[in-house]
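To start, the structure itself, in structure tokens.
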Amino acid sequence: MEQRYVGRSGLSVSRLGLGTMTWGRDTDADEAAAQLRTFVEAGGTLVDTADVYTAGDAERLLGRMLRDSVPRSELVISTKAVVTPAGRRPRDASRRHLIAAVDASLARLGLDYVDVWQLHTYDAEVPLEETLAALDAIVTSGRAVYAGVCDYAGWQLAAAAITQQCTPGRVPITTAQVEYSLLAREPERELLPAAAHVGAGVMAWSPLGRGVLTGKYRTGIPADSRAATPHFADFVGPYLDERSRRVVESVMTAADGLGVSPLAVALSWVRDQPGVASAIIGARTHAQLSGALLAEDVLLPIEIREALDDVSSLD
């Protein structure tokens, strides 16, 4: 699998990443282990997790596999903190919480450090300078090698990155993770230009439009799909509208013409967008991941990319 540098850093990652949001709930330990082995065998290196994924179980499962199955040296491990669903407020980017959170993540993972540590969302109630000071402390103490942000608006990314750049010795913002797909092109308005300006590499989560771009919802909601589960129904629902239907039909047409899967068309479109370092696949099953990995060899002709750009345009 092709490896790419992340922004203007020396960090390189596989252009497809493995997401773990479902590990420990919809994806059991055996299925997760099979996913990780197949991903590594295909040349994948980036594995993305977070402290809140299945209440920490995703990190625990990954940590167990790093001890028993896959050498840690072969992977770029990325985790996140800030979100606090069980806390007194939904997010907490205070120095106190972030230092405790990264230590808890490392304990669950069984690691001394992670390769990338990201602020999971923006917290407007905590001074940005305090949050960034915690980020500096985490990297300079050796708990993480690189730092980044997730689900920041363009101005929020720019504010954080430029604050770090303007003070010698501060830790740079290396990654900007955001939802990006043919159904979610809002990052093109501000986030992607901001990332390019400050030198951060984009990591696209949900590149398959929360599964909708695979075409599985064209005739209804399958009983075994995420949209049929109580914890993901509201997550998928917004992409079951008329605009999304038109985009999906265009993806299906392109897939038929190229002789590949709709998944491969949608995934390769995101993967090869300017500034994207990696597209993170949150596969629920080993079969889904295997299908996504087949997209590695798919390169969309410019005519098809332009047609998909037109039908999914925000204008």
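The values are calculated or read from the model by the stated rules, or taken from the named source; none is laboratory data. Since we're looking at a predicted model, the values are computed, not measured. Note that each Cβ is placed from the backbone with ideal geometry, even for glycine, and that neighbours are counted across all protein chains shown.
The criterion of being exposed (fewer than 15 other Cβ atoms within 10 Å of the Cβ), in contact (Cβ under 8 Å) with a residue 24 or more places away in the chain and either part of a strand (DSSP E or B) or β-branched (Val, Ile, Thr) (or both) does not hold for ILE138. As a summary of the residue check, GLY44 satisfies the conditions (1) in contact with a helix residue (DSSP H, G or I) (Cβ under 7 Å, 6 or more places away or on another chain); (2) more than 17 Å from ALA101 (Cα to Cα); (3) part of a loop (DSSP other than H, G, I, E, B) except for the one numbered (1).
Of all the listed residues (ALA50, ALA101), the sole one being in contact with an Asp or Glu (Cβ under 9 Å, 6 or more places away or on another chain), part of a loop (DSSP other than H, G, I, E, B) and surrounded by 18 or more Cβ atoms within 10 Å (Cβ to Cβ) is ALA50. Among the residues of the stretch 238-258, is any among the hydroxyl-bearing types (Ser, Thr, Tyr) and surrounded by fewer than 12 Cβ atoms within 10 Å (Cβ to Cβ)? No - not one qualifying residue is present in the stretch 238-258.
Each row is one residue, and each column tells you yes or no for (1) out of contact with any His (no Cβ under 8 Å at 6 or more places or on another chain); (2) small (Gly, Ala, Ser).
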site	(1), (2)
SER14	yes, yes
GLY17	yes, yes
GLN35	no, no
ALA50	no, yes
VAL83	no, no
PRO90	yes, no
ARG96	yes, no
ALA101	yes, yes
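Taking the stretch 152-169 as the range and being in a helix (DSSP H, G or I) and aromatic (Phe, Trp, Tyr) as the test, only TRP155 passes. The requirement of being among the β-branched types (Val, Ile, Thr), out of contact with any Ser or Thr (no Cβ under 9 Å at 6 or more places or on another chain) and at pLDDT 95 or above is fulfilled nowhere in the stretch 201-209; no residue meets it. In the stretch 54-62, the condition of being crowded, with 23+ Cβ neighbours inside 10 Å, closer than 24 Å to GLU2 by Cβ and either out of contact with any Cys (no Cβ under 7 Å at 6 or more places or on another chain) or at pLDDT 95 or above (or both) is met by at least one residue. Here SER250 clears all of (1) in contact (Cβ under 8 Å) with a residue 24 or more places away in the chain; (2) over 23 Å from ARG4 (Cα atoms); (3) not in a helix (DSSP H, G or I) except the condition numbered (3).
If only residues of the stretch 104-119 that are surrounded by fewer than 22 Cβ atoms within 10 Å (Cβ to Cβ) and out of contact with any helix residue (DSSP H, G or I) (no Cβ under 6 Å at 6 or more places or on another chain) are counted, the one that is nearest to TYR152 (Cα to Cα) is ASP115.
All of (1) modelled with pLDDT of 95 or more; (2) more than 15 Å from the chain's Cα centre (by Cα); (3) surrounded by 16 or more Cβ atoms within 10 Å (Cβ to Cβ); (4) not charged (D, E, K, R) hold for THR27 with one exception: (1). Flag set for VAL149, criterion: of a type in the set (A, V, I, L, M, F, W, C), in a strand (DSSP E or B), touching a helix residue (DSSP H, G or I) at 6+ places or on another chain (Cβ under 8 Å) and crowded, with 23+ Cβ neighbours inside 10 Å.
Residues in the stretch 170-220 that are touching a residue at least 60 places away in the same chain (Cβ under 8 Å), outside any strand (DSSP E or B), under 11 Å from GLY275 (Cα atoms) and of a type in the set (A, V, I, L, M): LEU192, ALA195, ALA196, ALA200.
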